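Below: the structure, in structure tokens.
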Amino acid sequence: MKYRFFGEPGLHIMDSETGHPLYKFNDNGEIILSDDNPFLKRMMNHYQHEPVEPVAVNAQPEQDVTAEPFKFNCRKCSFETNNHGAFLAHCKKEHPKEVK
Ligand SMILES: [Zn+2]
């Protein structure tokens with residue numbers, strides 16, 4: 001989860017201990033910090049904030065994928081199965097020369 005903080009655009013957040021600038025509000029007056037950031041709680045005490053909705057990696061609507069079971073097709077005969085173990089057993093039994 002990330003949080004967006006609102007403040008004065010261009011304003012630097014200073015580390016009170018070191019006096020060094022830590023973060024700077026962007027031109028929109030925003031800083032986005034993830035919730036594992038050690039300064040998050042301190043920021044929350046001082047600035048308005050809101051959780052940032054996670055951005056969907058795949059923005060496209062979910063396709064109706066009805067995945068066909070993976071098929072093992074025997075190259076030596078017409079045998080086919082979607083069970084790997086059964087396929088190996090078939091090869092071993094019907095085409096023993098193919099199994100090393
Ligand atoms: Zn076969």
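The values are calculated or read from the model by the stated rules, or taken from the named source; none is laboratory data. Since the structure is predicted, the reported quantities are computational estimates derived from the model, not experimental observations. All Cβ positions, glycine included, derive from the backbone under ideal geometry; neighbour counts span all protein chains shown.
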Practice task
Kindly provide the set of residues from the range 22-36 that are farther than 11 Å from Phe5 by Cβ, touching a residue at least 24 places away in the same chain (Cβ under 8 Å) and not hydroxyl-bearing (Ser, Thr, Tyr), ordered by number.
Solution key: Asp35
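Okay, residues lined up against (1) surrounded by 13 or more Cβ atoms within 10 Å (Cβ to Cβ); (2) among the polar types (S, T, N, Q); (3) modelled with pLDDT under 90:
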{"position": "Ser16", "(1), (2), (3)": "no, yes, yes"}
{"position": "Pro21", "(1), (2), (3)": "no, no, yes"}
{"position": "Ile32", "(1), (2), (3)": "yes, no, no"}
{"position": "Ala59", "(1), (2), (3)": "no, no, yes"}
{"position": "Gln63", "(1), (2), (3)": "no, yes, yes"}
{"position": "Pro69", "(1), (2), (3)": "no, no, yes"}
{"position": "Phe79", "(1), (2), (3)": "yes, no, no"}
{"position": "Leu88", "(1), (2), (3)": "yes, no, no"}
